[in-house]
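Shown next, in structure tokens, is the structure this report addresses.
The values are calculated or read from the model by the stated rules, or taken from the named source; none is laboratory data. Given the structure is predicted, the values throughout are model-derived calculations rather than measurements. Don't worry about glycine lacking a Cβ; one is built from the backbone with ideal geometry, like all the others, and counts go over all protein chains shown. Quick note on the areas: whole protein, heavy atoms, side chains included, nothing else; ligands and nucleic acids left out. Shrake-Rupley method; radii C 1.70, N 1.55, O 1.52, S 1.80 Å.
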Amino acid sequence: MEEEHAEQEVAVEEKAPPVPLTKEVCSSKLSGLHRTRNGLSYAYTKLDISGLNVGDIDALSTFDHLRLLEAENNRITNVGVLKNLPSLIRANLTKNEVESLESFPSLEYLQELYMAENNVDAIPSTLKLRNLRFADFNKNKISNIAGVESLEALTKLLVEGNALASLEGVASSSLTVLKAAGNKLENLKGVAGVPSLVEADFSSNVITSLEGVEGVLSKLTTLLLAGNKVESLDEVKCLQVLGALKVLDLSGMYKGRHESKRGGGERERERGNKRAADRCDGCLVSSTSSLLFNYFDRESSNRAGGISCTGVA
């Protein structure tokens, strides 16, 4: 125990304070010689300063031809200086110490933004990135993603391992992939605000109700809900409106409970639920076969490609 404590102290002591980025360091990390946007000259367009323990990145302001920025695993807190990089297409700021995106500049050409493992608490409506197509905000502290409405070209959003408790207020006509596993979602209210959704992952939340799923999600083909807390088999009824659904994962959600003290009627309902679940290795869906278009028997064979349903409790 003492040895472990000593190792922790050494680790704390060895964590050096962040250093400012210098022009000299930048110059040594440049690559990718290409024509400038105006076509009149050549300039280096990629900078990789990953793992250099830098905090202050103001030195970037003079490298206005950069298109690709790799700044992973540093100590960056302020990203306002990126306003001086108007040609930026990809910015990788994974594993830094950014707490807010309020000062994130409007970058016309930015298409990919990697912000995983920072301390960001929200996606603000002030985030104006009209050509952003991919955003990775995994493992932050985000509790609100309503700001995605301002990201009019965004097609893929990763917000796994955050603090999302609700999807209400979310609106995006462009988003096709939403991965929000490992949050605090209790239901799916608000997901109908993303009508173009094709793939959704809400695994490992605390969802007890599937309320919020609506027919407007006509393009949804993959829905992952494993490891949630839905216990009522009746909750699955609402999924019958998902006409394009092909992959559905409800594993780990249904576990029968048989307590001798409960009333006979309740025990009988649980026995029925358990039998239904046992017929598909614990898959919640089969128990509503009469309501959910005989999910495994009839309609799945009528659909192009069929439906893959995983559900081992």
If you take just the strands (runs of 3 or more DSSP E) that sit entirely in the stretch 181-254, which of them hold at least 2 residues that are touching a Phe, Trp or Tyr at 6+ places or on another chain (Cβ under 9 Å)? 222-224
If you scan the stretch 41-50, which residues turn out to be of a type in the set (A, V, I, L, M, F, W, C) and closer than 15 Å to D64 by Cα? A43, L47
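Yes/no per residue for (1) hydrophobic (A, V, I, L, M, F, W, C); (2) at pLDDT 95 or above; (3) under 18 Å from K128 (Cα atoms):
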site: L157; (1), (2), (3): yes, yes, yes
site: V170; (1), (2), (3): yes, no, yes
site: T176; (1), (2), (3): no, yes, no
site: N183; (1), (2), (3): no, yes, no
Of the residues S232, S209, S204, only one is closer than 21 Å to N144 by Cβ, modelled with pLDDT under 95 and among the hydroxyl-bearing types (S, T, Y); which? S209
Among the residues that make up the stretch 151-173, is at least one of them within 21 Å of S103 (Cβ to Cβ), in contact (Cβ under 8 Å) with a residue 12 or more places away in the chain, surrounded by 18 or more Cβ atoms within 10 Å (Cβ to Cβ) and over 13 Å from the mean Cα position of the chain (by Cα)? yes
So, V247, is that one open to solvent by 20 Å² or more (accessible area, probe 1.4 Å) and either among the hydrophobic types (A, V, I, L, M, F, W, C) or over 14 Å from L188 (Cα atoms) (or both) or not? yes
Selection within the stretch 24-34 - exposed (fewer than 12 other Cβ atoms within 10 Å of the Cβ) and part of a helix (DSSP H, G or I): E24, S28
Breaking point among (1) more than 16 Å from K46 (Cβ to Cβ); (2) modelled with pLDDT under 95, for D64: (1)
Within the stretch 200-241, residues being over 21 Å from the mean Cα position of the chain (by Cα), surrounded by 20 or more Cβ atoms within 10 Å (Cβ to Cβ) and either closer than 25 Å to S174 by Cβ or in contact (Cβ under 8 Å) with a residue 60 or more places away in the chain (or both) number 1
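Enumerate the strands (runs of 3 or more DSSP E) found wholly within the stretch 38-150, keeping only those where 2 or more residues are open to solvent by 30 Å² or more (accessible area, probe 1.4 Å), small (G, A, S) and touching a strand residue (DSSP E or B) at 6+ places or on another chain (Cβ under 7 Å). Give the derivation first.
Working: elements: 42-48, 68-70, 90-92, 112-114, 134-136.
Because the criterion is at least 2 residues that are open to solvent by 30 Å² or more (accessible area, probe 1.4 Å), small (G, A, S) and touching a strand residue (DSSP E or B) at 6+ places or on another chain (Cβ under 7 Å), no strands (runs of 3 or more DSSP E) in the stretch 38-150 meet it.
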